Amino acid sequence: MTNAIPSPAETALLIVDLQNDFIHPKGAYARGGQGAPAIAALPALVAPLAKALRAAGGVVMATQFTMVPGRGGEPIISPHLKQLRPFLTKGDFAPGSWGQDIVDELQPIDVKIEKVAYSAFYMTRLEWVLRKIGVSHLLVCGIVTNGGVASTVRDAHVRDIDVTVIEDCCAAFSDAVHRAAIEGMRPVAHIATRAQVAASLKS
C-alpha cells in the first residue's frame, strides 16, 4: 500500500451493509441460519477506524441494503436473492426499520446510502453525495467481499474514484471466497490492512 489516505478531509470510510438484518443475532440472516464468524467480527474491527478517520476530518458513510415494499407491502426481492435466501420475508431490510439500520457498534454514521443491489452506486445518490462533499478517495470495508464490496469498488473505479479496500475489515461466507475476491480487486483498487490505514491516519 502506498499513501492509502492522500487527504483525510477528502476521504470517506464506506461501510458496506453492516446492518442488523445481516449480522445481528436477532436479524433476518440469523433467523435463516446464515452467518459466519468473520462477518460477525467486523463491527469491532471497523469502529476504531471510523472514529480515527472522523477525528482526522474524514467522513463515515454506510450503505443499507433495502428491500423496497411493492404490491401489498410485499418486499421486492430479485429472483437470484430469493433463490439464495428463501427465508427473507415481509419486514426484512424494510426502509426505516431496525433491520435495515447499521449495527449499534458503528453508530453514528455521517451519511447513509440506501441501495437495492450489490453496488452502492447502482440507482443511488452515492456519486452525487461524494462530489458534493468533496470526497475523492474511498476506504471500503464490509460485506460480502465478493458481492457488495467488489461491485461497489469496480463501480467506483469506472467513475475515477480512488479506492482502498481494507482487506481485513471485509468478509465473506468463506475465507477462500474472501481471498479470491480481494485478489480480483487488486487491478482496480489499493489493498491495505486496517493497521496500515490506522498508521496512515496517524501520520
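Hey, can you tell me all the residues within the range 17-48 that are under 14 Å from the mean Cα position of the chain (by Cα), of a type outside the set (A, V, I, L, M) and in a helix (DSSP H, G or I)?
Asn20, Asp21, Phe22, Pro43
Yes or no, residue by residue, for (1) free of Cβ contacts under 8 Å to residues at least 40 places away in the same chain; (2) farther than 18 Å from Arg31 by Cβ; (3) in contact with a strand residue (DSSP E or B) (Cβ under 6 Å, 6 or more places away or on another chain):
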site: Lys51; (1), (2), (3): yes, yes, no
site: Gly57; (1), (2), (3): no, yes, no
site: Val60; (1), (2), (3): no, yes, yes
site: Ile77; (1), (2), (3): yes, no, no
site: His80; (1), (2), (3): yes, yes, no
site: Asp92; (1), (2), (3): no, no, no
site: Gly96; (1), (2), (3): yes, yes, no
site: Gly99; (1), (2), (3): no, no, no
site: Asp104; (1), (2), (3): yes, yes, no
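Restricting attention to the range 98-107, does a residue exist that is touching a Pro at 6+ places or on another chain (Cβ under 8 Å), buried (at least 18 other Cβ atoms within 10 Å of the Cβ) and part of a helix (DSSP H, G or I)?
So far as the range 98-107 goes, yes, one or more of its residues are touching a Pro at 6+ places or on another chain (Cβ under 8 Å), buried (at least 18 other Cβ atoms within 10 Å of the Cβ) and part of a helix (DSSP H, G or I).
Is it the case, given these coordinates, that Lys51 is part of a helix (DSSP H, G or I) and within 24 Å of Ser119 (Cβ to Cβ)?
no
Pull out all pairs, ordered by first then second residue, where Cβ-Cβ is under 6 Å, the residues are six or more apart or on different chains, the first lies in the range 180-203 and is among the polar types (S, T, N, Q), and the second is at pLDDT below 95 and not in a helix (DSSP H, G or I).
Final answer for the pair search is Gln196/Met1; Ser200/Ala4; Ser200/Ile5.
The values are calculated or read from the model by the stated rules, or taken from the named source; none is laboratory data. All values reported here derive from a predicted model rather than from experimental measurement. Cβ sites come from the backbone with ideal geometry, for glycine too, and all protein chains shown count toward neighbours.
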